[in-house]
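Peer 1: What follows is a structure written as structure tokens; I'll ask about it next.
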Amino acid sequence: MKHYGDCQLPDALPITRVAVATEPEMLDPVPGLRMELPGFEPRFVDFPDYIFRITDDIWHKRDLAYIEDCYTENCQIHTQTGLIVGAETVIANTAATLKSFPDRRLDADNVIWSRDPDAEGDLFYSSHRITSKMTNSGPSEFGPATGREVRVTTFADCAVRNNCIFEEWLVRDYGAMVIQMGQDPGVIAEKLAIEDRESGFSLHEHHAANRRNMDGSRASFETDAELLVKRLLESGWSDHSLYDFRARGDYPYGDSLYGPDQIGTYRDTWLSGFEDVRLRADHVCEVPYIGDAVDVALRWSMTARHTIDGRYGKATGETVYILGISHFRILNGVIREEATLWDDIGLMRMIEGIRLGQ
């Protein structure tokens, strides 16, 4: 894996730091290559520039046809609620989202990335944290248009080669979306689970292979900050000494917490309905922030047996799978800020689907 400093070309402008760059700087960057980008369009100055500007082209300029230029024909997009395959499906889904939320914006909070050469050549990996503001002006999978304004966080992790995304992991805070649209998350999850069952789809069975393949970390932890995040994951999220006393944590449903005490209570409450929790690191990368602070992105998987009544209703006894993504800001050897997200509506939908089949 190559980090930010390994990729910077000598005598070139610094590689874009999305978390601190201004919007004009990113929309119209000073020309000149800042890192090697084999196979990419010459207009891009570095890899975070590619991620920022293709997002702007597709979502803000509404150039949906451009998706065919930056997604492979058979790309795979992994979500909590299923697999999306192919650039044409991405185009259709994007168009459907814009019908439900015509004014939707995707503002880049951060792009944490790495260059991961493999057997097939240069592979670039990005973890893009996005804030979307939008109005629910059309019907969606959750029901008729509500006319309400919504603000949600999304994480999009992308594997990219030769200017094209060939694999993506997408996690959106549907819980926050549903609540801001004036709906009940439990009712929506049950509705979607019933629709799954009527169509012959089992979300639990869809993730059967993911539940079986939980052995060993797939991430390569190299820097001190990455190793700190590894310690947190290996502790089962329980080592609160890794947080600064002023740490801020953002979680599903737009929940924002302050300090290791609130963060620890939140996690303990979330996990209280599960036993046999297993966590696996799937990818990690790091970029500099300001001064000595660095930002680390972690994509992770979790399995756990739903054995205790509580937040997710009556226990089903079955093992569930969760896809999650976290961003950490590390300063002075501890976590100062964290944003962790999983699709909690998707998780409830899975559990409701299990319950309907019992």
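The values are calculated or read from the model by the stated rules, or taken from the named source; none is laboratory data. As the structure is a prediction and not an experimental result, all values here were calculated from the model. All Cβ positions, even for glycine, are placed from backbone atoms using ideal geometry, and neighbour counts span all protein chains on display.
Peer 1: I need the full set of residues from region 124-139 which are hydroxyl-bearing (Ser, Thr, Tyr) and surrounded by 19 or more Cβ atoms within 10 Å (Cβ to Cβ), in order please.
Peer 2: Correct list: 125, 126, 127, 132.
Peer 1: Can you pull out the residues in region 307-336 that are in contact with a Leu (Cβ under 8 Å, 6 or more places away or on another chain), among the small types (Gly, Ala, Ser) and assigned to a strand (DSSP E or B)?
Peer 2: Those that are in contact with a Leu (Cβ under 8 Å, 6 or more places away or on another chain), among the small types (Gly, Ala, Ser) and assigned to a strand (DSSP E or B): 324, 326.
Peer 1: Same structure, new question: Hey, can you tell me all the residues within region 167-182 that are β-branched (Val, Ile, Thr) and either out of contact with any strand residue (DSSP E or B) (no Cβ under 6 Å at 6 or more places or on another chain) or not assigned by TED's automatic domain parsing to the domain that holds residue 51 (or both)?
Peer 2: Within region 167-182, 178, 179 qualify.
Peer 1: Which of (1) surrounded by 14 or more Cβ atoms within 10 Å (Cβ to Cβ); (2) farther than 23 Å from residue 341 by Cα; (3) out of contact with any helix residue (DSSP H, G or I) (no Cβ under 7 Å at 6 or more places or on another chain); (4) charged (D, E, K, R) does residue 11 not meet, given it meets every other one?
Peer 2: Answer for residue 11: the failing condition is (1).
Peer 1: State yes or no: is residue 127 touching a Pro at 6+ places or on another chain (Cβ under 7 Å), under 21 Å from residue 152 (Cβ atoms) and not assigned by TED's automatic domain parsing to the domain that holds residue 220?
Peer 2: Here the answer is no, as residue 127 does not meet what is asked.
Peer 1: Every residue in region 22-49 that is in a helix (DSSP H, G or I) and either among the polar types (S, T, N, Q) or within 16 Å of residue 2 (Cβ to Cβ) (or both), please.
Peer 2: Scanning region 22-49 gives 47, 48.
Peer 1: Can you find a residue in region 162-177 that is closer than 30 Å to residue 337 by Cβ and of a type in the set (Lys, Arg)?
Peer 2: yes
Peer 1: Within region 193-202, does at least one residue satisfy the condition of being surrounded by 20 or more Cβ atoms within 10 Å (Cβ to Cβ) and in a helix (DSSP H, G or I)?
Peer 2: Yes - at least one qualifying residue is present in region 193-202.
Peer 1: A further question follows. For the condition without any contact (Cβ under 8 Å) to a residue 40 or more places away in the chain, in a strand (DSSP E or B), in the same structural domain as residue 214 (by TED's automatic domain parsing) and buried (at least 17 other Cβ atoms within 10 Å of the Cβ), what is the one hit in 281, 297, 304, 339?
Peer 2: Testing whether each residue is without any contact (Cβ under 8 Å) to a residue 40 or more places away in the chain, in a strand (DSSP E or B), in the same structural domain as residue 214 (by TED's automatic domain parsing) and buried (at least 17 other Cβ atoms within 10 Å of the Cβ) leaves just 304.
Peer 1: Only one of 84, 112, 188 is of a type in the set (Val, Ile, Thr) and out of contact with any strand residue (DSSP E or B) (no Cβ under 7 Å at 6 or more places or on another chain); which?
Peer 2: It is 188.
Peer 1: Consider region 218-233. How many of its residues are assigned to a loop (DSSP other than H, G, I, E, B) and buried (at least 16 other Cβ atoms within 10 Å of the Cβ)?
Peer 2: The total comes to 3.
Peer 1: Okay, next question. Given the condition of a type in the set (Phe, Trp, Tyr), surrounded by fewer than 18 Cβ atoms within 10 Å (Cβ to Cβ) and in contact with a helix residue (DSSP H, G or I) (Cβ under 6 Å, 6 or more places away or on another chain), answer yes or no: does some residue in region 32-52 qualify?
Peer 2: Scanning region 32-52, I find no residue that is of a type in the set (Phe, Trp, Tyr), surrounded by fewer than 18 Cβ atoms within 10 Å (Cβ to Cβ) and in contact with a helix residue (DSSP H, G or I) (Cβ under 6 Å, 6 or more places away or on another chain), so the answer is no.
Peer 1: Follow-up. If residue 289 passes every condition in (1) modelled with pLDDT of 95 or more; (2) out of contact with any strand residue (DSSP E or B) (no Cβ under 6 Å at 6 or more places or on another chain) but one, which one does it miss?
Peer 2: Just one mismatch for residue 289, condition (2).
Peer 1: Might you let me know whether region 88-105 holds any residue that is in a strand (DSSP E or B), aliphatic (A, V, I, L, M) and closer than 26 Å to residue 324 by Cβ?
Peer 2: Scanning region 88-105, I find no residue that is in a strand (DSSP E or B), aliphatic (A, V, I, L, M) and closer than 26 Å to residue 324 by Cβ, so the answer is no.
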